[in-house]
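**Student:** Have a look at this one before I ask anything.
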Amino acid sequence: MSANFSQHTTTGAPQFELKARTFTLPLLRLFGTDMEAVARQLSEKVAQAGGFFHNAPVVIDLKEVSGAEVAFPLLVGLMRGHGMIPVGVRGGTPDQNSAAEAMELAVLADGRSQRPEIQGAGPPAGSVKAISAIEATKLVTKPVRSGQRVYARGGDLVVLAQVSSGAEIMADGHIHVYAALRGRALAGLKGNQEARIFCQDLQAELVSVAGHYRISENIDARLRGRPMQVYLEERTLHIEGI
């Protein structure tokens, strides 16, 4: 069953048509809120799927984490970084839905999105715990190597050494890298749109502020290898010299 809305003009043929239909979307069922584990398992699943999920609209199912705090800016950034297009959520609480809407995700009723599903290793044993611990500024003095992930929960992250390709650094606040940034940097994980990324040598694979991201292929070559800052202005990600 579908609704059909055609736009007619008084002087010519219809210029467009709107249709409301039920259709199938890939579904990412979230079993836990540990974004480091989600990032690791998502990388594995996407690698196994080849290009199946590239540019695919995906809905996030929140039933298994109902009531938990979900870091939507980080989750959206991770999904986009893997080529997915997160479009909405289902099965969430009012607070979760509000947080999702702040990231411009639609809130869908159950049954609107169906398989295929993108699953991790399965539901973790025991209850799901929300992210709630608060930390001060986190200081890292050694290089962040490929495969490593560093997260400054509730504050800023300061890295005094290089961040290698394949590494990931994350912060709820600002990120400062006083060396080469070659990996992935995600600031403002919990939606702080005032967060910024500062680095002495921009060579990043991905930069993100509050879920708004840019991958290396979309960073102007003239900006690379120089001291840069990354910030949001009117919901647009900007990269400019320091």
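**Student:** When the residues of the stretch 57-70 are filtered to those that are in contact with a Ser or Thr (Cβ under 7 Å, 6 or more places away or on another chain) and not in a helix (DSSP H, G or I), which remaining residue is nearest to ALA204 (Cα to Cα)?
**Tutor:** VAL70
**Student:** Could you check the stretch 161-192 and list, in sequence order, the residues that are aliphatic (A, V, I, L, M) and modelled with pLDDT under 90?
**Tutor:** LEU189
**Student:** Can you name every residue in the stretch 211-242 that is modelled with pLDDT under 90 and hydrophobic (A, V, I, L, M, F, W, C)?
**Tutor:** Listed by number, the residues that qualify are ILE215, ILE219, ALA221, LEU223, ILE242.
**Student:** Is one or more of the residues making up the stretch 196-208 assigned to a loop (DSSP other than H, G, I, E, B) and either within 24 Å of MET84 (Cβ to Cβ) or hydroxyl-bearing (Ser, Thr, Tyr) (or both)?
**Tutor:** Scanning the stretch 196-208, I find at least one residue that is assigned to a loop (DSSP other than H, G, I, E, B) and either within 24 Å of MET84 (Cβ to Cβ) or hydroxyl-bearing (Ser, Thr, Tyr) (or both), so the answer is yes.
**Student:** Output the residue which, of all residues in the stretch 94-111 that are part of a loop (DSSP other than H, G, I, E, B) and over 17 Å from ARG80 (Cα atoms), is modelled with the highest pLDDT.
**Tutor:** ALA109
**Student:** I'd like the residue in the stretch 62-77 that is of a type outside the set (A, V, I, L, M, F, W, C) and buried (at least 23 other Cβ atoms within 10 Å of the Cβ) and, out of all such residues, is nearest to ALA185 (Cα to Cα).
**Tutor:** Applying the filter and picking the extreme gives GLY77.
**Student:** So THR10 clears everything in (1) at pLDDT 70 or above; (2) surrounded by fewer than 16 Cβ atoms within 10 Å (Cβ to Cβ) except one condition, right? Which one?
**Tutor:** Failed condition: (1).
**Student:** Out of the residues in the stretch 190-227 that are out of contact with any helix residue (DSSP H, G or I) (no Cβ under 9 Å at 6 or more places or on another chain) and charged (D, E, K, R), state the one that is farthest from ALA152 (Cα to Cα).
**Tutor:** The residue in question is ARG222.
**Student:** Of the residues ALA171, ALA185, ALA167, which single one is without any contact (Cβ under 8 Å) to a residue 24 or more places away in the chain, buried (at least 20 other Cβ atoms within 10 Å of the Cβ) and not polar (S, T, N, Q)?
**Tutor:** Only one candidate passes the filter, namely ALA167.
**Student:** Being among the aliphatic types (A, V, I, L, M) and surrounded by fewer than 20 Cβ atoms within 10 Å (Cβ to Cβ) is the filter; apply it to the stretch 82-107 and report the residue that is farthest from ALA68 (Cα to Cα).
**Tutor:** Residues of the stretch 82-107 that are among the aliphatic types (A, V, I, L, M), as a first pass: 84-85, 87, 89, 99-100, 102-103, 105-107.
Now drop any that are not surrounded by fewer than 20 Cβ atoms within 10 Å (Cβ to Cβ), which leaves 85, 87, 102-103, 106-107.
Numbers: ILE85: 23, VAL87: 20, ALA102: 17, MET103: 17, ALA106: 19, VAL107: 17 Å.
Checking each candidate, the answer is ILE85.
The values are calculated or read from the model by the stated rules, or taken from the named source; none is laboratory data. The structure presented is a predicted model; accordingly, all values stated were derived computationally and were not measured. All Cβ positions, even for glycine, are placed from backbone atoms using ideal geometry, and neighbour counts span all protein chains on display.
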